[in-house]
Amino acid sequence: MLKIAVLVSGGGTNLQAIMDAIENGKITNTEISVVISNNKNAYALERAASKGIEGICISPKDFESRAEFNAAFLEKLNSYQVDLVVLAGFLVVIPPEMIAQYRNRIINIHPSLIPSFCGTGFYGLKVHEGALARGVKVTGATVHFVDEGTDTGPIILQKAVSILDDDTPEILQRRVMEEAEWKILPQAIDLIANGKVKVENNKTKIM
Ligand code: GRF
């Protein structure tokens, strides 16, 4: 059984997709041990509570320095002894010590086809604004392992989504979630839970 922690900051629709996929059997061999939010008002915490999943809040704002937060955050995460950490719209920078300790055991969902519209500054609506400003016809979402860079880790799954003439950043964001994020994030977790993802030379092999 793969034990996972899901890290969130906001609405938690990706968390919902994971919980639903566990319930309907699209994700197998997996249980959510904890949902961690940096924002105590995140609706994601209510979604977790509604399924009886433990939800906790830990925020950099409650610590005097980033180093103190990072240490407390790592200790908290370690206390749950999870096999995989899933970043589902988590807006806090993952401490380097956490990345090192959880090498190839942290995954993130990014709302574009990496390496387009990713890296520093490309988060939330800015990703979709960038795609519309460039006039690309196809965007999508990417699930990748987290390494020390921003959106540079091994890519696990990607799914393309068409851009339509009248798209606004908000409309596009919603379509990318519905058609790509909510599908490939659960799918990646299921693949990992069943031992089907191998990492070699910063690339993955899906078996
Ligand atoms: C998603 O668009 C995700 O790709 C991005 O943040 C958003 C999270 O939404 N990194 P939600 O909290 O899962 O609804």
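Would you check which residues across region 107-146 are in contact with a helix residue (DSSP H, G or I) (Cβ under 7 Å, 6 or more places away or on another chain), within 21 Å of VAL8 (Cβ to Cβ) and more than 14 Å from the ligand (Cβ to nearest atom) and list them? Selection gives nothing.
Yes/no per residue for (1) within 9 Å of the ligand (Cβ to nearest atom); (2) small (Gly, Ala, Ser); (3) farther than 18 Å from MET98 by Cα; (4) without any contact (Cβ under 8 Å) to a residue 60 or more places away in the chain:
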| residue | (1), (2), (3), (4) |
| --- | --- |
| ALA5 | no, yes, no, no |
| GLY11 | yes, yes, yes, no |
| MET19 | no, no, yes, yes |
| GLU31 | no, no, yes, yes |
| ALA42 | yes, yes, yes, yes |
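For region 135-173, the candidate set comprises residues that are small (Gly, Ala, Ser) and on the phi > 0 side of the Ramachandran plot; within that set, the residue that is farthest from the chain's Cα centre (by Cα) is GLY135.
For region 23-120, the strands (runs of 3 or more DSSP E) that sit wholly inside it and include 2 or more residues that are more than 16 Å from the chain's Cα centre (by Cα) and of a type outside the set (S, T, N, Q) are 55-57.
Per the listing ASP151, ASP166, ASP83, the residue uniquely over 20 Å from SER9 (Cα atoms) and either within 16 Å of the ligand (Cβ to nearest atom) or touching a residue at least 60 places away in the same chain (Cβ under 8 Å) (or both) is ASP83.
Might you check whether a residue that is within 26 Å of GLN187 (Cα to Cα), among the charged types (D, E, K, R) and surrounded by fewer than 17 Cβ atoms within 10 Å (Cβ to Cβ) occurs anywhere in region 62-75? No, region 62-75 has no match at all.
Where a number appears in this text, it was derived from the coordinates with a stated rule and is not lab data. For clarity, every value in this text was computed on a predicted model and none was experimentally measured. Using ideal geometry, Cβ is built from the backbone for each residue, glycine included, and neighbour counts are taken over all protein chains shown.
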